[in-house]
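Every number in this text was worked out from the coordinates using simple rules, so none of it is lab data. If you're wondering where the values come from, they're calculated on a predicted model, not measured in any experiment. All Cβ positions, even for glycine, are placed from backbone atoms using ideal geometry, and neighbour counts span all protein chains on display.
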C-alpha cells in the first residue's frame, strides 16, 4: 500500500450502533479499544457517537459525519442476520447506494457455514449479511460470519465492523491496520505519572501555566481517591498534539514537578 505523507494528523470518527449501548446494558468497549489504536498510530479521533438501532438514526449519523469529512469513519455493530441489524440498510439510504447481493461477501458467508454444515444452507437471514450497498467491498471475518464492509464516499473511507469485540478486533487487525499505517502520521509522545499530596484545584494553576509554556502538549489530570483522604492522589497524563512538540513531554513533566515541589516548601 502506498505511503501518504500528511502535514496534519488524519482524522477519524466512530459511530457505535445498538440499543443495548443506550439503555446501559452493554459498555462500549469497542470504541475505547479503537480509540487507543488510532492514537498510537497518530490519528486524531474527533468524535464517538452512539446511535439506536433505527434506520433514521443511522442515516442522520452517517450524513452528519460525512459532512464533517473525516478521513475515516468506522461504524460498529448492526451487521448480523436479525431484524435489528440495520447498519448497512442505513448506510445504503444515507449514501443513496441501493443494496445488492454481493458475490464476494456471499462467498465469505458460505465459507463460514461450510465449516459448520455440509452442504451449507443459504437462508434469507444468511444472505442478508452478504447484501451490501452498491460499490461496497467486503472484508473477511476470520472468526465470525458477517464480513466487514469498506465503502469510499466523498473523500471518506467508511469501515463497517461487527459489534462482537473479538470479530471487530480480528477484522481491524487484518484489514484496517495497514490502511491506517499508510498515512505515516507522527505518533504522539506521552507520559503519565502520579502526584501525591495535592488536590486538583491546587494543581490547576500549575497546569494552566504549563499549557501556556508548552502549547503543543495536552495536560489531563485524573484525581484518584478522595480529596479529603489522608493523601490525595492525582494521575497526570501529558501527550503531544503536534509533531514539533513531541520531544517536549519530559521537559513539561519536569516543569510540573518542580512547581508542585515548590508548593510544599
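Odds and ends about this structure:
- Convex hull volume per residue, computed on the Cα atoms of region 9-153, equals 114 Å³.
- Using only the C-alpha atoms, the convex hull of region 1-79 corresponds to 105 Å³ per residue.
- Region 96-148 and region 60-88: distance between their alpha carbon centers, rounded to Å: 18 Å
- Rounded to the nearest 10 degrees, the inclination of helix 249-263 to the longest alpha-carbon principal axis of the chain is 40 degrees.
- Rounded to whole Å, the principal axis extents of the Cα atoms in the chain read 78, 42, 34, largest first.
- Between region 198-224 and region 177-196, the Cα center-to-center distance that results, in Å: 20 Å
- Top of 42, 90, 135 by mean-square fluctuation, Gaussian network on the chain, Cα under 10 Å: 135
- Helix 103-114 axis, angle to the chain major axis (alpha carbon atoms, nearest 10°): 90 degrees
- In summary, the convex hull built on the alpha carbon positions of region 119-265 has an orientation-averaged projected area of 14.4 nm².
- Ranked list, fewest to most other Cβ atoms within 10 Å of each Cβ, for 203, 178, 45: 178, 45, 203
- Approximate spin-label separation residue 35-residue 199, in nm, with each point projected 7 Å along Cα-to-Cβ: 2.8 nm
- Fewest-first ranking of 53, 208, using other Cβ atoms within 10 Å as the exposure measure: 208, 53
- Residue-averaged 222 nm ellipticity for the chain, from DSSP H runs of 4+ at -39500 (n - 2.57), nearest 500: -10500 deg cm²/dmol
- Average Cα contact separation per residue, region 190-263, under 8 Å, 6 or more apart, as relative contact order %: 38 percent
- Each of 175, 54 was scored by other Cβ atoms within 10 Å of its Cβ. Listed from fewest to most, they are 54, 175.
- Using alpha-carbon coordinates, inclination of helix 55-68 to the longest axis of the chain, degrees: 50 degrees
- Computed on the chain, with alpha-carbon pairs under 8 angstrom and 6+ residues apart, the relative contact order is 17 percent.
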